[in-house]
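Visitor: Before we start, here is the structure in question, set down as structure tokens.
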Amino acid sequence: MARQDFKALELTKERHEKLKELIHHHDIQYYLYDKPQITDYEYDQLLSELLAIEEKSEPPLNLDLNLSDSPSQRVGGMPLESFKKAKHSKPMLSLSNTYNIEEILAFDQRVRKFLELNPNSTLPYYCELKLDGLALELIYTNGILTQAITRGDGETGEDVTQNVRRIKAIPLKLSTDNPPSLLQVRGEVLMLKNDFEKLNRQQQEQGLAPFANPRNAAAGSLRQLDPHIVAKRNLRFYAYAKGQIQGITFDTQQSLEKYFSDVGILTIQSYNQITTARLCHEINEVTAFYKNILNHRHDLPFDIDGIVIKVNDLSLQDDLGEIARSPRWACAAKYEPEQATTQIQDIIVQVGRTGVLTPVAIMTPVRVGGVLITHATLHNFEEIKKKDLRINDDVVVHRAGDVIPEIIKPLTEKRPAHSKPYQPPTACPSCGGPISIIEGEIAYRCLNPLCPSVVIETLKHFVSRKAMNIDRVGDRLIEEWVTIDLIKQFSDFYLLSKQQLISLPRMGKKSVDNILKSIEASKTPPLDRFIYALGIRFVGQSTSLILANHFQSLPAFLKATESELLSLDEIGPKVAQSILTWIQNPLLILDLEKLLSLGVTPHFSPIQVSATNPLVFQKKFLVTGTLPLERSKAHEIIKSYGGVIASGVTKDLNFLITGQSPGSKLLKAQNLGVTILSWDEFLIMCQTET
Ligand code: IVH
């Protein structure tokens, strides 16, 4: 053998030893302590690297590896000592993983090849969600729940029968007059996202550590030694496979799962019009299902990490059998994980429009849920202290859907000894001025109204689309213009001249013309947008609309008194005080007067009451999900028919208009009996003659 070949083989053997050690370590963290240090994705990467190396121990390479203690020799981790051990009569296997369409197609090809199917023959697959909980086996003897065993290492698990009997979602007796003598039902125990949030709030109130995610909460609950606590945790069980069975036979995966639900055991079928299990006749239907579920991932009440693809015909499943640790007849098609580990490189502090200081973590870029993330808001300094986050910490980050990435926790075990807690700033990082905590709030604020950051953010808000809509003036220009002192208040936009702008670097004649045109076009805003543009604290779009509808002119609004403001629905003392502080500030009023003298004229157009439809007029509407038109356009149309835009789902809400991926508002509205409409149904209602 050539010298370099020999060297390469030695390195491969070394890597194999290292991988065994790493996987063993992470198995213990995950199975024994319920404290994973790496994501499932990273773990799977280690495992597939290990398995790839082990293939080299087979001919033709016959690499001499020590496999006796390899994690590939057993299925999963080890059971906890505190429960009685119990052996599974058939081992509980794992699934092989795929991560994209090509790998799903390759799985289909492998199955077809093994079964020696000709390319034209159909091979139906039963597909369903891959639930992110813990696997459990329920044993029903003559229809009675006699034992429940966790997966454990796949051969032996923990006997959690006492605890499982406390879970209301699991029937103690099958609903059938003719039960089989033995039915081993396998499925997933999990906690719904809502229940998880509720539990964590309780944990915090009681000064206990919150759980990192619903999976850990479910695992922690199932392994509670006190069954009373289990009873309170509202765990769920969804069945998806069989163990040993006697006295009954099934032909297909679909009919097996149908039987489970017929006898009263929850299965994954559908949720809120989302098909979550489906019989697919072609592999293209499988990949379409995989993509579709990804779009609905966040509308589901529980966490999933992919879908599971199973050959539907049970006799074919038997023919296919299993290899090493997983069945040949099934695979998981996983989505990118929503949690990952990375490092905090720095903590910077941003100063917002209202002077609030917000710490932001700058992280080593990492992919989470298919998106590269680099920043996470830390909300406030109290949060940093509570989580004890430090610069250079390795951290677990989470990102779900459109939610802003969040740091869940630091990995304190990896922290070097010399690390020091983070020290919040003692002065405003933008203007160097003093900062203080406002009574009743936790945020630090810079109180200098001339602080450059405050000015920049205030002006950015003023020109934004939903405010004055000066579309040619973007964030970068405002930052530049404030820095060179070209603008510092609202009226300055309307004083800008062609000569001033053209003399600035990177400014062409055409773009200057466009900028000035777009400033000019903004001069006649509707009153509500103008009020919103002022950026008064706590006065968002809907409050601005309420104020505009009530006062109907700018001078009337500027004369508002506390009692008049408080007489308005939805305006409380905090908002009223904030408005009064603004309209009593002489500097701001001076700027306003200048604006008006430069030709800015907010206008108010009352709703044409006679033309409105009583089905819609003064009814409260809320829009959720993606509509066929822009959200702001939809609001305008609703308002043009006299409808009112509500701020949340309450029992006073009259209609919830839903688009695609409606989210949790839909469920809440349904529970409150609110009428649900699609956009088309809303339009039909508006045009209904009354
Ligand atoms: S079928 C392998 N169906 O995935 C035997 N498993 O990685 C058949 N899982 O231990 C399993 N949802 O905890 C199956 N719909 C589903 C599943 C599912 C989640 C879990 C299960 C298993 C793990 C394998």
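Visitor: Where the second residue is away from the ligand (no atom under 11 Å from the Cβ) and part of a strand (DSSP E or B) and the first is over 25 Å from LEU279 (Cβ atoms) and lies in the range 321-337, which pairs have Cβ atoms under 9 Å and are six or more apart or on separate chains?
Guide: Taking only residues 6 or more apart or on different chains, the pairs are GLU336/ARG367; GLU336/VAL368; GLU336/VAL371; PRO337/ARG367; PRO337/VAL368.
Visitor: For the range 223-248, how many residues meet the condition of being open to solvent by 60 Å² or more (accessible area, probe 1.4 Å), among the polar types (S, T, N, Q) and over 13 Å from LEU192 (Cα atoms)?
Guide: Looking only at that region, the number is 2.
Visitor: Another question about this same structure. Does the range 608-616 contain any residue that is at negative phi, surrounded by 18 or more Cβ atoms within 10 Å (Cβ to Cβ), assigned to a helix (DSSP H, G or I) and of a type outside the set (D, E, K, R)?
Guide: No, because not a single residue in the range 608-616 is at negative phi, surrounded by 18 or more Cβ atoms within 10 Å (Cβ to Cβ), assigned to a helix (DSSP H, G or I) and of a type outside the set (D, E, K, R).
Visitor: Quick one: which helices (runs of 4 or more DSSP H) lie wholly within the range 244-349 and hold at least 3 residues that are over 22 Å from LEU117 (Cα atoms)?
Guide: Because the criterion is at least 3 residues that are over 22 Å from LEU117 (Cα atoms), the helices (runs of 4 or more DSSP H) in the range 244-349 that meet it are 253-262, 283-296.
Visitor: In this structure, does PRO210 turn out to be assigned to a loop (DSSP other than H, G, I, E, B), away from the ligand (no atom under 16 Å from the Cβ) and without any contact (Cβ under 8 Å) to a residue 40 or more places away in the chain?
Guide: Criteria met by PRO210.
Visitor: Let me ask you something else. With LEU667, LEU629 as the choices, which residue is open to solvent by 50 Å² or more (accessible area, probe 1.4 Å) and aliphatic (A, V, I, L, M)?
Guide: LEU667
Visitor: Pairs, please: C-beta under 7 Å, at least 6 apart or cross-chain, first residue touching a residue at least 12 places away in the same chain (Cβ under 8 Å) and in the range 117-136, second hydrophobic (A, V, I, L, M, F, W, C) and more than 16 Å from the ligand (Cβ to nearest atom)?
Guide: LEU123/LEU117
Visitor: Go through (1) aliphatic (A, V, I, L, M); (2) closer than 23 Å to LEU316 by Cβ; (3) within 16 Å of the ligand (Cβ to nearest atom); (4) out of contact with any Lys or Arg (no Cβ under 9 Å at 6 or more places or on another chain) for VAL164 and report which single condition fails.
Guide: All conditions pass for VAL164, except number (2).
Visitor: Out of the residues in the range 123-132 that are at pLDDT 95 or above and of a type outside the set (Lys, Arg), which is farthest from ALA217 (Cα to Cα)?
Guide: The selected residue is LEU123.
Visitor: Continuing with the same structure: Just wondering, is there one or more residues in the range 521-531 that are open to solvent by less than 10 Å² (accessible area, probe 1.4 Å) and over 29 Å from LEU477 (Cα atoms)?
Guide: no
Visitor: Kindly establish whether ILE657 is within 18 Å of ILE274 (Cα to Cα), hydrophobic (A, V, I, L, M, F, W, C), open to solvent by 20 Å² or more (accessible area, probe 1.4 Å) and at pLDDT 85 or above.
Guide: Here the answer is no, as ILE657 does not meet what is asked.
Visitor: Scan ILE470, ILE407, ILE438 and give me the residue that is within 14 Å of PRO359 (Cβ to Cβ) and either hydrophobic (A, V, I, L, M, F, W, C) or surrounded by fewer than 15 Cβ atoms within 10 Å (Cβ to Cβ) (or both).
Guide: Testing whether each residue is within 14 Å of PRO359 (Cβ to Cβ) and either hydrophobic (A, V, I, L, M, F, W, C) or surrounded by fewer than 15 Cβ atoms within 10 Å (Cβ to Cβ) (or both) leaves just ILE407.
Visitor: Here's another thing I want to ask about it. For LEU131, all conditions in the list (1) more than 14 Å from the ligand (Cβ to nearest atom); (2) of a type outside the set (Lys, Arg); (3) closer than 22 Å to TYR43 by Cβ; (4) open to solvent by less than 50 Å² (accessible area, probe 1.4 Å) hold save one; what is the number of the exception?
Guide: Looking at each condition in turn, LEU131 falls short on (1).
The values are calculated or read from the model by the stated rules, or taken from the named source; none is laboratory data. Worth saying up front: this structure is predicted, and the values here are computed from it rather than measured. Cβ: placed from backbone, ideal geometry, glycine included. Neighbour counts: every protein chain shown. With ligands, DNA and RNA removed, areas are computed over all heavy atoms of the protein, side chains included. Shrake-Rupley method; radii C 1.70, N 1.55, O 1.52, S 1.80 Å.
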